[in-house]
Structures are given as structure tokens and as C-alpha cells.
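Data block below; observations after.
The values are calculated or read from the model by the stated rules, or taken from the named source; none is laboratory data. Worth saying up front: this structure is predicted, and the values here are computed from it rather than measured. Don't worry about glycine lacking a Cβ; one is built from the backbone with ideal geometry, like all the others, and counts go over all protein chains shown.
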Amino acid sequence: MAPAFNRRRPLPSGVPEKIRDTVFASAHTKAPRVLDLGAGSGRVAGPFLNAGDDYTAADLSMGMLGAFQRQHESARLIQADATVLPFPDAAFDIVLLVQVLSGLHGWRRALPEIVRTIAPAGIIAVGRVVSPDDGVDAVLKAKLADILASLETFPYRDKPRDDAMGWLGLHLPANSVHTIARWTTAERTPRAFSERHGSGARFSKIASETGKMAMARLEAWANERYGGLDAGEPEEHRFELSIYRKN
Ligand SMILES: C[S@@+](CC[C@H](N)C(=O)[O-])C[C@H]1O[C@@H](n2cnc3c(N)ncnc32)[C@H](O)[C@@H]1O
């Protein structure tokens, strides 16, 4: 999925800059050391690199890091698993987790490990796009879950992001939520959902025959409901940053 990641999951222009502005405004030092963990192909890296920040990107996937490096040659990249980070205690002032928690492998071990690498008064910034409950993505995901349940497959029963954010709220109670951007888009079509979701971390774990059958049924259903796979209604999306501060 690495080469197509940014194309399938574009962020509106200006969002990476707002992420940097918001986390820097919350930092306890003027020149914070930033770890972009689960950095993927570098979707939010630009403003940090352009400003010459002390920025390190880490990801488990070499494919993602390869795609990152092709766009930002001089960036400091490290292949690392969030559950065993190769950094000393208190090595960073800001850890970014952008669109990471819902697919973070081993979050129960990863979160204490992340907290260990943050300096006192440092922050974890969890970023995510929030789409409407009745939007194309939410409706299709619920329908896909029903179809997969009828095939005795339950990839969405676990809710790692909710559980992980619950853990963070409990252990780092000084936190705040910032909506840093809102935009309206009609690009969330059934076809875009099936391309994006079909290449996502959780769907990829389903046996390939089951996955193909479920997607074919979903597309047939979406065709009827929306009158075509390319039909999209304008929907409001927002980008939310939840900031957790270490004591
Ligand atoms: C949905 S992508 C988000 C990438 C990037 N933060 C962005 O917003 O464009 C999630 C990333 O988390 C990485 N990831 C998942 N589990 C990880 C782990 N245990 N340690 C490090 N990276 C992990 C994946 O390889 C993937 O690149």
C-alpha cells in the first residue's frame, strides 16, 4: 500500500502546517525534539523538515519508509517497532501519532514505551480525520462489517483506537482536543472507500477469498444504494488533534 498511500488518503493543503503550529504551541520548549511515530510515507513531515526542526520519523514498514525517503531525501528515518523503541528515556518532547492508533500493532505495549521516550512535560499528539457518522465511509464500513459477520469474520470487533485513547486519558490526564481544520468534500465515494479500505491494515488481514467476496457484495449493495460507485455527496470532515501531556 505504501506507494499509493498519500494519493488515497490526501489531507487538504494546510493541515500538516496546522499540525506543526498546534503541537509547537503546546510544547514546553522552543526547539522541541519531534518523533513522528508510524510516520508512513511522510504525509505530515513537510512543514517540520522545511523549518529545519529536530525531527525523526519512525515506522515499522520499510515500504512506507522507502516511499517517505523518495519524497524527503534528507529526512532522519528509522525503522522501529513502537513496542520496543530504540531511543533512550526522555529522548523527545513531542511524539506525533497521526492516523496510527486504529492500526497500531501491540498498542498495549507501545503506549508505555512511547511515554518512556517523552521528557517530563512533553506531549503525545494523536491526530485523526473525523468523518460524519452518516457519511459514505461510516455507512459502508458498517455494511461491510455486517457482510463479513455473515461470513463469520469479525475484523472490526476490536476498537484499538478507542481503547488506546482511553489508556492515554487515564495515564496522561492533562489533555486537550483541538479541531484544527474542517473541510467539505464529495470525494468520499463508494469506489474510493473500497480502494482505500481494501488496502488498509485491518482489511488486509482477512483471508483474501473472504475479503474479495465481501467487497464484491458491498459494491453491489453500494451500487443500489448510491446509484453508482462514483456517486459522492458533499460531507464535512474535520482534523482533530488530541494532546496528552506527561507529568
Ligand atoms: C495509516 S498509516 C499513517 C501514516 C502517517 N502517520 C500519516 O498520517 O500519513 C499508519 C502507519 O503506522 C505504522 N505502524 C503500525 N504499527 C506500528 C508499530 N507497531 N510500530 C511502528 N509503526 C507502526 C504503519 O506501518 C503505517 O505506516
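Odds and ends about this structure:
- Failed item, numbered, when Phe239 is tested on (1) surrounded by 18 or more Cβ atoms within 10 Å (Cβ to Cβ); (2) assigned to a loop (DSSP other than H, G, I, E, B); (3) hydrophobic (A, V, I, L, M, F, W, C): (2)
- Candidates Arg128, Arg191, filtered to the one that is in contact with a helix residue (DSSP H, G or I) (Cβ under 9 Å, 6 or more places away or on another chain), farther than 30 Å from Pro32 by Cα and either of a type in the set (Lys, Arg) or assigned to a helix (DSSP H, G or I) (or both): Arg191
- Subset tally (residues that are touching a residue at least 40 places away in the same chain (Cβ under 8 Å) and either buried (at least 21 other Cβ atoms within 10 Å of the Cβ) or touching a Lys or Arg at 6+ places or on another chain (Cβ under 7 Å) (or both)) for segment 18-31: 2
- Applying the criterion of being among the aliphatic types (A, V, I, L, M) and within 8 Å of the ligand (Cβ to nearest atom) to the residues of segment 82-122, the residue that is modelled with the lowest pLDDT is Leu104.
- Taken across segment 58-65, residues that are within 6 Å of the ligand (Cβ to nearest atom), over 12 Å from Ala45 (Cβ atoms) and exposed (fewer than 15 other Cβ atoms within 10 Å of the Cβ) do not occur at all.
- Per-region count, segment 151-178, residues farther than 25 Å from Val15 by Cβ, within 17 Å of the chain's Cα centre (by Cα) and in a helix (DSSP H, G or I): 2
- Residue count for segment 115-125, restricted to those that are crowded, with 16+ Cβ neighbours inside 10 Å and assigned to a strand (DSSP E or B): 6
- Of the strands (runs of 3 or more DSSP E) that lie entirely inside segment 1-114, those containing 1 or more residues that are under 28 Å from Ser194 (Cβ atoms) and of a type outside the set (Val, Ile, Thr) span 54-59, 92-98.
- Residue count, segment 146-178 (criterion: closer than 21 Å to Arg109 by Cβ, surrounded by 12 or more Cβ atoms within 10 Å (Cβ to Cβ) and small (Gly, Ala, Ser)): 2
- Failed item, numbered, when Gln79 is tested on (1) surrounded by fewer than 20 Cβ atoms within 10 Å (Cβ to Cβ); (2) more than 11 Å from the ligand (Cβ to nearest atom); (3) at pLDDT 95 or above: (2)
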